[in-house]
Amino acid sequence: MDLVEVAGIPRSTYYYWEKRLDQADKYGQVKETIKIIYHEHKGRYGYRRVAKELRKHGYSHDPKTINRLMNEMGLKCMVRMKKYRSYKGNVGKIAPNVLQRDFNADKMNQKWVTDVTEFHLFGEKRYLSPVLDLCNGEIIAYKVMNRPVYQLVSDMLDEAIKRIQPEDKVILHSDQGWHYQMKKYQKTLQEHQITQSMSRKGNCLDNAVMENFFGLLKSELLYLQEFESMAHFEKELEEYIRYYNYKRMKAKLKDLSPVEYRTQVLEVA
């Protein structure tokens, strides 16, 4: 305190800042544990998962507190997958919501859903455009590109159309993204007698099954795999979609994979 008196600092000011510094340090051990968890998972965990891991170490802080601490430490989840916001207003014709959240289909090529999602890794971006058959949840076609150009969707659509049989009457549901408003896209649908359906603007629940698939990608691929490069990620993404189609059981499908259900149940019926 001699130095405080020499410096002419009021005792109340000294004790105030001493108390503030002590408070700042109360998260010292938590921050060290956060750092260990973050690097153990190669930056793939965001604050919610870090908060869950912290509970295993005896810390029960609110996720919002962990988010604040991680921001202060400059630690952010390095893997990003987000819905690609392709809505740009009315650039073409908007289709009605024919699907009306009826996600049940009793045969293949009856109801399809599609969407685009964005991956951001290693300072690069990739866009995934899949189409899912609501009968068995199978990804029947997809395209990955480094830019969200129209070809991303058109190539996916061309591949999916190969599945259609002469007697099929398909409904293809999407959001109101500009790709799906393009005359070329809508003309292709008409040529193959595919009924177009669109979600209401800003209502992700209208395409909940596709959103759920993207959620699985996030939890079962991005958070569980380590990627050395974008090329490595693309290879793992391809392998995951094959695993999802051929091996991953679904309770809704009597614990069969989408392809097993299609070959063992639908084709026998």
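The values are calculated or read from the model by the stated rules, or taken from the named source; none is laboratory data. Given the structure is predicted, the values throughout are model-derived calculations rather than measurements. Note that we place each Cβ from the backbone using ideal geometry, even for glycine, and neighbour counts take in every protein chain shown. For accessibility, only protein heavy atoms count, side chains too; no ligands or nucleic acids. Shrake-Rupley method; radii C 1.70, N 1.55, O 1.52, S 1.80 Å.
Considering (1) charged (D, E, K, R); (2) touching a residue at least 40 places away in the same chain (Cβ under 8 Å); (3) within 30 Å of GLY92 (Cα to Cα), the lone condition that ASP155 does not fulfil carries the number (2). Among the residues of region 218-231, none qualifies, meaning not one is out of contact with any helix residue (DSSP H, G or I) (no Cβ under 8 Å at 6 or more places or on another chain), over 28 Å from LYS76 (Cβ atoms) and part of a loop (DSSP other than H, G, I, E, B). Which count do you get for residues in region 255-269 that are charged (D, E, K, R) and either in contact (Cβ under 8 Å) with a residue 12 or more places away in the chain or touching a helix residue (DSSP H, G or I) at 6+ places or on another chain (Cβ under 7 Å) (or both)? The total comes to 2.
Each row is one residue, and each column tells you yes or no for (1) within 23 Å of LEU205 (Cβ to Cβ); (2) more than 17 Å from the chain's Cα centre (by Cα); (3) open to solvent by 30 Å² or more (accessible area, probe 1.4 Å).
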position: PRO96; (1), (2), (3): yes, yes, yes
position: GLY123; (1), (2), (3): no, yes, yes
position: LEU132; (1), (2), (3): yes, no, no
position: LYS143; (1), (2), (3): no, no, yes
position: VAL149; (1), (2), (3): no, yes, yes
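Screening ALA51 with (1) in contact with an Asp or Glu (Cβ under 9 Å, 6 or more places away or on another chain); (2) closer than 29 Å to PRO258 by Cβ gives one miss only, at (2). Residue count for region 163-205 under the criterion of being within 25 Å of GLY215 (Cα to Cα) and of a type in the set (S, T, N, Q): the result is 6. Looking only at region 232-269, residues that are open to solvent by 100 Å² or more (accessible area, probe 1.4 Å), closer than 21 Å to TYR142 by Cα and either among the hydrophobic types (A, V, I, L, M, F, W, C) or not in a helix (DSSP H, G or I) (or both) come to 2 in all. Can you work out which of the residues in region 193-224 that are in contact (Cβ under 8 Å) with a residue 12 or more places away in the chain and among the polar types (S, T, N, Q) is farthest from ARG49 (Cα to Cα)? Going through the qualifying residues, I end up with GLN193.
Considering PHE227, PHE214, PHE233, the condition of being touching a Ser or Thr at 6+ places or on another chain (Cβ under 6 Å) and among the aromatic types (Phe, Trp, Tyr) is satisfied by PHE214 alone. None of SER229, SER197 is touching a His at 6+ places or on another chain (Cβ under 7 Å) and either farther than 18 Å from VAL116 by Cα or not charged (D, E, K, R) (or both) except SER197.
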